[in-house]
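All remarks here apply to the structure that follows.
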Amino acid sequence: MDTDKTRIQSLIDKHQGLKKNLVAILLDIQESFNYLPPESLRQVAKALGMPLIDVLGVATFYRAFSLRPRGKHMCLVCLGTACHVRGAQKILEEIERKLDVPAGENTKDGQFTLETAACLGCCAIGPVVVVDGAYQGHATIRKVAPILDKYRKPKASGKRPKAAAKTATRKGGRAARKK
Amino acid sequence: MIELILNGLPVKAEEGWTVLETANFYGLEIPTLCHHEGLTEFGGCRLCLVEIGEPPKSNLVTSCTYPAEAGLVVRTDTNRVWAARRMMIELMLSVAPGSKVLQDLASKFGVTKVRFTPRNEECILCGLCVRICAEQMDAKAIGFQQRGHKRKISTPFDMRSEECRLCGACMYVCPVCQLRCQGPNAETALCNGCLTMDPTCLEHYDDLQCWMYDAGRCGTCVREKKS
């Protein structure tokens, strides 16, 4: 707990403890903790000398912030007009099915957070799926599984190397690295 | 002194007055829900809309935030203004049909139908409570959270705030906290009980049942007789 406090304090000090740097401070905390713990918001409000409700107003306004812990990987599906007419809704449904989680929630294993966006500004390559900041353009239902697997596989095989096929790929991966 | 034209009449406003203050000074009634003396202007309810400029290039602006300018031509009650106000009342009624203030406004402006699905959220996000809490009570216990259709007014983390002293100022200024009178048609989103000036009692009784006249048009007596 105390270490968390010093960690947050160092982030506040990094921005000179100025009110105008509130968003920057919150962004750093979000990056450091992968979410904004309630205690951190109280601490920020106290350090910057502003009411807690104003800090929360900012923290709940921007989509970059989350008050609940996020999964390891951020999966963002664009549902803007251009993506919508090219079937973004069906892609979202497919991802919801694959991850077994509704939009805006974390998967049970804490690997993914599924979010939707109104428009990402790259309509030309729509429908767009963004995983950990990597834009996957011209997404289709068929492409969804490989994209997700790319982020899921190393973790899954590392944790429980049950299936023979998975261990094989792991070995293959090691061999490739040695070469 | 600033000279401007209000509904065709030349009027004088003091430096720093808004159009709304000028109109109120000359006895013109402009409906508003988010304006309160002693609080900063918000311009959120859009009920105080007035038309400025000459017709082909006229604009609708919120009079509570628009400063009185020299030579400004303001018209407070045109067709366009009333249409906009009716629309706003209809929209707000669909969010908070339980509000007496809104129901009265609907009757006054002749809003006879609500075309939107009632949401019963009982908050029109006028921000009066937020401002009185921060500016007059110096507590800053409540504020806006989220955005878009999720926007709401709440305490931090939706819990009892440490800053809140339970002074009740937020409820005092709230335009939708006062519940509408529970008349005979209380089930619908729109009451319109005050639309006609006939007392409701006379449809069911020979004599007027209460001598409160305007206040007695609540229909309580009729409801009691029915049940």
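Annotations
- Filter pass, A:GLN16 being of a type in the set (S, T, N, Q), more than 14 Å from chain B (Cβ to nearest Cβ) and surrounded by fewer than 17 Cβ atoms within 10 Å (Cβ to Cβ): yes
- Within the range A:56-66, being within 7 Å of chain B (Cβ to nearest Cβ) and of a type in the set (Phe, Trp, Tyr) holds for one residue alone: A:PHE61.
- Test: residue in the range B:30-45 that is among the β-branched types (Val, Ile, Thr) and in contact with a Cys (Cβ under 8 Å, 6 or more places away or on another chain): yes
- When B:PRO97 is tested against the conditions (1) over 22 Å from B:MET171 (Cβ atoms); (2) more than 14 Å from chain A (Cβ to nearest Cβ), the lone failure is (1).
- Qualifying residue in the range B:28-51 (condition: free of Cβ contacts under 8 Å to residues at least 24 places away in the same chain and either of a type in the set (A, V, I, L, M, F, W, C) or touching a Gly at 6+ places or on another chain (Cβ under 8 Å) (or both)): no
- Qualifying residue in the range A:65-85 (condition: touching a Lys or Arg at 6+ places or on another chain (Cβ under 7 Å), outside any strand (DSSP E or B) and crowded, with 18+ Cβ neighbours inside 10 Å): no
Quick grid of which residues meet (1) outside the structural domain of A:ASN34 (by TED's automatic domain parsing); (2) buried (at least 19 other Cβ atoms within 10 Å of the Cβ); (3) modelled with pLDDT under 90; (4) touching a His at 6+ places or on another chain (Cβ under 8 Å):
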residue	(1), (2), (3), (4)
A:GLN89	yes, no, no, no
A:ALA103	yes, no, yes, no
A:VAL128	yes, yes, no, no
A:VAL144	yes, yes, yes, no
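- All positions within the range A:86-117 that are in a loop (DSSP other than H, G, I, E, B), under 16 Å from the mean Cα position of the chain (by Cα) and closer than 14 Å to A:CYS75 by Cα: A:VAL101, A:PRO102, A:ALA103, A:GLY104, A:GLU105, A:THR107, A:GLY110, A:GLN111
- Picking from residues in the range B:156-173 that are more than 8 Å from every other protein chain (Cβ to nearest Cβ) and part of a helix (DSSP H, G or I), the one that is farthest from B:MET88 (Cα to Cα) is B:ASP158.
- In the range A:19-33, residue nearest to the other protein chains (Cβ to nearest Cβ) [restricted to those that are surrounded by fewer than 16 Cβ atoms within 10 Å (Cβ to Cβ) and under 23 Å from the mean Cα position of the chain (by Cα)]: A:VAL23
- Inside the range B:163-180, residues that are among the basic types (Lys, Arg) and in contact with a helix residue (DSSP H, G or I) (Cβ under 9 Å, 6 or more places away or on another chain) make up a count of 1.
- Of all residues in the range B:132-155, those that are within 7 Å of chain A (Cβ to nearest Cβ) and either in contact with a Gly (Cβ under 8 Å, 6 or more places away or on another chain) or modelled with pLDDT of 95 or more (or both) total 3.
For (1) of a type outside the set (Phe, Trp, Tyr); (2) closer than 15 Å to B:CYS34 by Cβ; (3) in a helix (DSSP H, G or I), each residue gets a yes or a no:
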residue: B:CYS64; (1), (2), (3): yes, yes, no
residue: B:ALA70; (1), (2), (3): yes, no, no
residue: B:VAL74; (1), (2), (3): yes, no, no
residue: B:ALA83; (1), (2), (3): yes, no, yes
residue: B:GLU90; (1), (2), (3): yes, no, yes
residue: B:PRO97; (1), (2), (3): yes, no, no
residue: B:THR117; (1), (2), (3): yes, no, no
residue: B:LEU125; (1), (2), (3): yes, yes, no
residue: B:LYS140; (1), (2), (3): yes, no, no
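- Looking across the range A:39-55 at every residue that is part of a helix (DSSP H, G or I) and over 23 Å from A:THR3 (Cα atoms), the one that is nearest to the other protein chains (Cβ to nearest Cβ) is identified as A:ILE53.
The values are calculated or read from the model by the stated rules, or taken from the named source; none is laboratory data. Keep in mind that what you see is a predicted model, and the values were worked out from it rather than measured. Note that each Cβ is placed from the backbone with ideal geometry, even for glycine, and that neighbours are counted across all protein chains shown.
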